[in-house]
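As structure tokens, the structure follows; a few thoughts come after it.
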Amino acid sequence: MSGLSQDEMTAAPAQPEVAGLAAAVRERQKSLMLRAWILSGLVFMVLPGTLLGFSNLVAISQHHGLGALSPAWIQGHGHAQMFGWIGSFILGIGFYSQPARGNSILRVPLTCFVLWTSGVAIRWAANMYAWHWRTLFVVSATAELLALFLFLSAARHHKLPDTGQGRSKPRVELWMTSVFLGTAGLLAARVFTFVECLRLAWAGGPEAFPHGLDQSFLIVLAWGFLVPTVWGFSARWLPTFLGVGRPREGLFRAVLPVDILGILLGVFGLVRAATVLFVCASVAVMFALRLTEKPQNKAKVLGIHPSFPVFIRIAYVWLVIAAALGVWAAMADLHGGIWGASRHALTVGFAATMVFSIGPRILPHFGGVYSLYSKRLMFVALLLLQCGCALRVASEPLAYEGFSMTAWKVLPASATLELTAVIVFAANIALTYTKGRAFFAANAMKQNDPA
């Protein structure tokens, strides 16, 4: 005999069901929290980010230069894009990827969410309106830094998978190494911002970073945070999504110290050498990720537009263009046009194209929805983004550096195309979450169905 009472025998089968239900509830909470991060990022992307960038570019085009525009407005636009949009997406996905741990499943992410979004919003308002900006700069930088510390504290409990080799320490996966580098770059950028905000608040003066210091900050932000983070997620997802082989590990790992060396050289003023290293790293990473090779299997495009693999490769072409323009800018830029084109090719051509391509593939699933709202809207957003970015990158050096007055008329058109692309992408993701069929609702119906 089993030795169990009748009540124990009856309760035993129910225990796995209770555990399964609890796991489903935790997963739903994580998905809803992710939706909050993504929707917040979309708001920053459309309003303080792209819409402000659109108005800035129109003003610059009308006055044929940067003289009439406050540097604080330009930096406010960049802050909203990099931290409000990209940062929110990365933190949201990061929290979603972490294992659930009791009551902390909502408490820590929610606290981090409030601090981060409040900090970004306060910084944007301070840049735009200069109302008590000295106080608001410090409050904003403190809130964002605390949010990042909370995220890192939660992430350090994420254990590496057991290798089954006794006590041997599991090796950090290739993609995680790159993401760790990107996280370190984000932390460096946040500490940098905090210190500089304290200095500006103490000294007074213009409510914007000095130009030279801002250039060093942008190198850390772009090549220390944005680029290695995207590389890491590419190494994680693209072999499956594109049907290509696993990344060339040796080459990929060799790219990372080249990128780090470039960052250090750029921060210490050796910009020309730094830009050359960034070109080498950008070209090498395409080969490391096997983006130049014929796929071994069919790309996984179920639920998204079949042009997805093409746009992924286009994004990495933009990365090489951005790095090459950086070399040109370091040698010949006089009025900021070539540097602007390089940064735009990096942030919009590379990073935004990757988000517009990968986002529709993963965000519905992570958010607990079966499929993307519209494949056509995905394609339209990507196509408009490429057209707008191409016009912007081609015309900005011509206009700013005085090669062509006609190019000034092209810049507003490029901004209009990009703004439209951003609105289409944001609407598609928002409609996916609000109109899409949720996993949890379907599972609840199955559990309640006696059949």
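Laboratory data are not the source of any read-out in this text; all were calculated from the coordinates shown. As the structure is a prediction and not an experimental result, all values here were calculated from the model. Glycine also receives a Cβ, built like all others from the backbone with ideal geometry; neighbour counts cover every protein chain displayed.
Before moving on, here are some points about what is shown:
- Least to most buried among 241, 180 (fewest other Cβ within 10 Å first): 180, 241
- Taking a ≥ b ≥ c as the square roots of the Cα gyration tensor eigenvalues, the range 272-431 comes out oblate, since a/c reaches at least 1.5 and a/b does not exceed b/c.
- Percent of Cα-Cα distances greater than 18 Å, calculated over the range 260-354: 52
- Rg(Cα) / (2.2 N^0.38 Å) computed for the chain, rounded to two decimals: 1.04
- Euclidean distance of C-alpha centroids, the range 321-350 and the range 396-425, integer Å: 15
- Where labels lie 7 Å past Cα in the beta-carbon direction, separation of residue 331 and residue 394 in nm: 2.3
- Size-normalised alpha-carbon gyration radius of the range 77-158, reference 2.2 N^0.38 Å: 1.16
- Whole-percent pair-distance distribution, where bins are 10 Å wide, for the alpha carbons of the range 211-320: 14, 43, 27, 13, 3
- Computed from the C-beta positions of residue 203 and residue 55, the FRET efficiency with R₀ = 35 Å rounds to 0.75.
- Span-like helix ranges in the chain, DSSP H, alpha carbon extent 15 angstrom or more, Kyte mean at least -1.0: 14-44, 52-63, 104-129, 133-155, 174-203, 227-242, 249-267, 271-288, 308-332, 353-366, 375-400, 407-435
- Debye-formula intensities of the range 374-415, expressed as log10 I(q)/I(0) at q = 0.18, 0.20, 0.25, 0.33 Å⁻¹, are -0.51, -0.57, -0.74, -1.01 (one equal scatterer per alpha-carbon, no solvent).
- Charge-dipole axis of the chain as Lys and Arg at +1 and Asp and Glu at -1 on Cβ define it, positive-most pick from 299, 220, 121: 299
- Positive-end extreme of charge dipole, the range 285-410 - chosen from 320, 341, 398 (charges on Cβ): 320
- Counting beta carbons within 10 Å around each of 88, 61 and listing the fewest first gives the order 61, 88.
- Dividing the Cα radius of gyration of the range 336-421 by its Kirkwood radius returns 1.11 for Rg/Rh.
- Exceedance of the 29 Å cut-off in Cα-Cα distance is limited, within the set 30/435; 300/409; 294/375; 375/409, to 300/409; 375/409.
- Annotation: amide H-H contacts under 5 Å for residue 369 (H modelled 1.01 Å from N, sequence separation of 5 or more, or interchain): 439.
- For the chain, size of Cβ-based charge dipole, Lys and Arg +1, Asp and Glu -1, in debye: 780
- Per the Debye calculation on the range 276-319 with a single equal scatterer at every Cα and no solvent contribution, log₁₀ I(q)/I(0) for q = 0.29, 0.34 Å⁻¹ amounts to -1.09, -1.23.
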